[in-house]
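Bear in mind that the values in this text are calculations on the coordinates, not laboratory data. Quantities reported herein were computed from a predicted structural model and do not represent experimental measurements. Cβ atoms come from the backbone with ideal geometry, glycine included; neighbour counts cover every protein chain shown.
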Amino acid sequence: MSRIQNAFTQMGYTVLFIPETATELITGGVAPWTCESNAEYLKCQLKLQIEKEEILER
């Protein structure tokens with residue numbers, strides 16, 4: 001990741017990394033086996049991922 005960050009920074013880009021959403025949810029206690037269904041877990045994961053990306057875009 002540092003190589004990617006350095007390369008793109010040298011080209012003038014601002015590089016942002018978003019932590020992996022699945023790991024955040026699972027370590028926080030929300031996992032496929034704790035939800036009603038796998039689909040419900042995936043909805044949570046997708047919603048959190050989109051929110052994190054929107055925040056970083058601002």
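Computed values, structure above
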item	result
Inter-site label distance for ASN38 and GLU57 at 7 Å from Cα along Cβ, in nm	2.9
Mean residue ellipticity (222 nm) of the chain, computed from DSSP H runs ≥ 4 via -39,500 (n - 2.57), nearest 500	-19500 deg cm²/dmol
Unit charges on C-beta of K, R, D, E only; dipole of the chain, Debye	200
Spatial extent of the chain: Rg and Dmax, with the Cα atoms as the point set, Å	15.0, 46
